[in-house]
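So the structure is just underneath, and the comments pick up after that.
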Amino acid sequence: MTTRRWQLAHGRHLDLGEKAIVVGILNVTPDSFSDGGQFVAPDQAVTQARRMVEEGAVVIDIGGESTRPGASPVTAEEEQARILPVIAALAASGEAMISVDTYREETARLAVAAGAHIVNDVWGLQREPGIARVAAESGAGLVIMHTGRGRQKLPDVIDDQFFFLKASLEIAKRSGVQDSHVVLDAGFGFAKETAEENLDLMARFSELKALGFPLMAGTSRKRFIGTVTGRDAAERGAGTAATSVILRLKGADLFRVHDVAINVDALAVADAMLAREKPGR
């Protein structure tokens with residue numbers, strides 16, 4: 001795999017390609033779909049973050065508002081009150097790269113100021129486009145995610161990815177975001193209405209490499225894995241790891257997961273196999 005340097009805020013970077021990067025999910029929320037309420041208190045959240053780092057997470061992605069379908073919205077003030085103390089505590093210790101999971105410009109700005117290195121926008125810059133300016137001005141890494149929520153999608157799963165993500169990339173470009181700061185996320189589960197649609201996206205995932213950016217995969221504990229395995233959300237770690245391996249082989253660079261250890265091990269095996277497939281071996 002080609003190695004690319006992902007430039008992040010505060011003078012940091014990650015080299016992507018040679019080894020899969022695991023991003024640990026830290027939901028500081030009472031209502032996330034599989035772990036809501038577990039890490040609401042800042043000390044609980046910091047302890048969980050450190051546990052994930054010990055298990056092999058390179059990035060901790062911190063969110064203060066649930067993105068599950070039907071979740072109750074929160075104010076920007078509530079979101080910030082939940083996440084900023086956790087970001088500041090982790091930044092002070094320097095234990096991991098920190099990502100903030102938000103679509104709000106103001107929250108992103110405050111999070112980067114508190115020590116976050118990456119802004120992860122599940123609305124792909126198309127809800128609050130000013131979030132791209134935050135990334136440009138701060139030098140933060142920017143994850144641009146595809147979503148089908150709130151609009152009519154194109155019938156073909158990959159055509160819709162290109163349609164949406166190209167519009168998002170244009171917003172980023174106009175705002176001054178450099179390509180070296182951008183990662184794309186296919187948005188598994190976000191208005192992909194059926195298990196088959198998610199599986200089709202996974203099967204054709206390598207087509208997204210034509211966009212020319214590193215790719216993140218976020219399948220963790222998603223409903224389509226439950227449809228395939230018959231498991232409840234908290235029991236989908238093995239199914240998630242299987243999707244991580246498949247998507248690694250199809251070109252994903254980063255993997256956003258709840259269950260860090262099992263995915264780290266599964267991806268180590270995938271990376272070992274990819275290393276054996278290098279030309280000349």
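Just a few scattered comments:
- Working note: Karplus 6.51/-1.76/1.60 with θ = phi - 60° gives the range 99-104 the couplings 10, 10, 8, 7, 10, 9 Hz, where Gly and Pro are set to x.
- For H13, the residues whose amide H sits under 5 Å from its own are L8, ignoring neighbours fewer than 5 places away on the same chain, with H placed 1.01 Å from N.
- Estimated from the Cβ-Cβ distance and a Förster radius of 22 angstrom, the FRET efficiency linking A191 and F162 is about 0.85.
- Relative to its residue count, the range 8-275 spans a Cα convex hull of 113 Å³ per residue.
- At most 16 other Cβ within 10 Å, DSSP loop - trypsin sites (Lys or Arg not before Pro), the range 197-272: R204, R231
- For the range 147-228, the list of GluC sites (Glu not before Pro) that fall in a loop by DSSP and count at most 14 other C-beta atoms within 10 angstrom reads E193.
- Legend: residues H13, H146, sorted from most to least accessible area (1.4 Å probe; ligands, DNA and RNA excluded), read H13, H146.
- The residues of the range 148-249 expose, per residue, 45 Å² of accessible area to a 1.4 Å probe.
- Violating pairs (Cα-Cα greater than 29 angstrom) within the set K222/K278; K166/K278; K192/K278; K166/K222: K222/K278; K166/K278; K192/K278
- Relative contact order computed over the chain (Cα-Cα under 8 Å; 6+ residues apart), in percent: 19
- If the segment from D200 to D43 were pulled out straight at 0.36 nm per residue, it would be longer than the present Cα-Cα gap by 52.5 nm.
- Counting every pair of alpha carbons in the range 136-179, the share spaced more than 13 Å apart comes to 58 percent.
- The length gained on full extension between A81 and H13, counted as 0.36 nm times the residue separation minus their Cα-Cα distance, comes to 21.8 nm.
- Zone residues, the range 167-192, relative to L154, backbone N less than 15 Å from point 7 Å out along Cα-to-Cβ: 167-170
- Spin-label zone in the range 174-211 - amide nitrogen under 16 Å from a point set 7 Å from the Cα of E137 along the C-beta vector: 174-178
- Across all Cα pairs in the range 162-281, the calculated P(r) in 10 Å bins from zero up to the longest distance comes to 13, 40, 32, 14, 1 percent per bin.
The values are calculated or read from the model by the stated rules, or taken from the named source; none is laboratory data. Because the structure is a prediction, the values reported are computed rather than measured. We place every Cβ from the backbone using ideal geometry, glycine too, and count neighbours over all the protein chains shown. Areas reflect the complete protein model, heavy atoms only, side chains present, ligands, DNA and RNA absent. Shrake-Rupley method; radii C 1.70, N 1.55, O 1.52, S 1.80 Å.
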